[in-house]
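In what follows, a single structure is set out as structure tokens and then discussed.
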Amino acid sequence: MEKIESENLLHRAFSVFLFNSKYELLLQQRSSTKVTFPLVWTNTCCSHPLYRESELIEENCLGVRNAAQRKLLDELGIPSEELPVDEFIPLSRILYKAPSDGKWGEHELDYLLFIVRDVSMNPNPDEVADVKYVNREQLKELVRKADAGEEGLKLSPWFRIVVDNFLFKWWDHVEKGSLHEAADMKTIHNL
């Protein structure tokens with residue numbers, strides 16, 4: 001956080017929101033060994049594109065989509081063939097800054113990727129403590145519990161930004177099959 005604050009360092013990130021055919025969102029609880037935000041509940045998968053040719057392609061956010069496919073395999077054990085890169089829909093980008101524990105934190109330009117697929121999983125315990133699918137009402141209850149401090153439940157700051165500002169209206173598009181209509185990759189939401 002010290003370098004983020006003093007040098008305003010920023011990096012690219014992505015956040016995947018994977019829905020099953022029942023339009024339930026897959027959430028993960030980050031592993032206790034994560035440097036930032038351990039044991040915090042968040043969207044399906046969050047990470048960073050690597051500095052490699054396949055993840056630097058800017059056209060149609062292909063590099064970010066390639067990175068998402070790679071990381072979903074690394075974290076959740078979802079086979080790449082179950083997540084075709086062309087089915088990830090880039091919806092928007094957010095810019096945010098969030099401290100984790102005083103020493104570590106995030107300052108990211110976060111690409112938000114949505115996909116609707118039924119998948120098989122084999123979560124990596126070094127990355128993921130738990131997973132669960134939630135419908136809208138279950139997510140609202142999770143948010144309520146986090147706000148009330150119940151069960152020690154915490155949500156990641158980037159996930160909370162998306163929930164508070166976009167997720168429920170985008171969920172309508174997920175169910176209608178009209179996610180492309182909601183996409184706006186020109187705007188960067190500074191939250």
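For Lys71, Lys145, the ranking by accessible surface with the largest value first comes to Lys145, Lys71, using a 1.4 Å probe. Size check on the chain: the Cα extents along the three principal axes, sorted descending, read 41, 40, 31 Å. Return the FRET efficiency for the residue pair Asp126, Arg52: r is the Cβ-Cβ distance, R0 is 22 Å, and the value is rounded to the nearest 0.05. Using R0 = 22 Å, I get an efficiency of 0.55. Quick one: if the Förster radius is 22 Å, what FRET efficiency do Ser80 and Asp184 give, using the C-beta to C-beta distance and rounding to 0.05? Efficiency at R0 = 22 Å is approximately 0.20.
In the structure shown, the pairs Lys145/Lys169; Lys71/Lys176; Lys34/Lys169; Lys132/Lys169; Lys132/Lys176 are assessed against 29 Å; a Cα-Cα span above that value is assigned to Lys34/Lys169.
Using heavy atoms of the protein chains and a probe of 1.4 Å, the accessible area assigned to Glu151 is about 140 Å².
When only Cα pairs below 8 angstrom with a gap of at least 6 residues are kept, the chain shows a relative contact order of 29 percent. Near Val128, the amide H atoms lying under 5 Å from its own belong to Ser31; only residues 5 or more places off or on other chains count, and H is placed 1.01 Å from N.
May I ask you to give the percent of accessible area on the chain that is carbon plus sulfur, with a probe radius of 1.4 Å? The C+S portion of the solvent-accessible surface of the chain is 48 percent.
The values are calculated or read from the model by the stated rules, or taken from the named source; none is laboratory data. Note that the structure is a prediction, hence the values are computed from the model and not measured. FYI the Cβ positions are ideal-geometry reconstructions off the backbone, even for glycines, and counts take in every protein chain you see. For the accessible areas, the whole protein counts, side chains as well, though only heavy atoms, and no ligand, DNA or RNA atoms are used. Shrake-Rupley method; radii C 1.70, N 1.55, O 1.52, S 1.80 Å.
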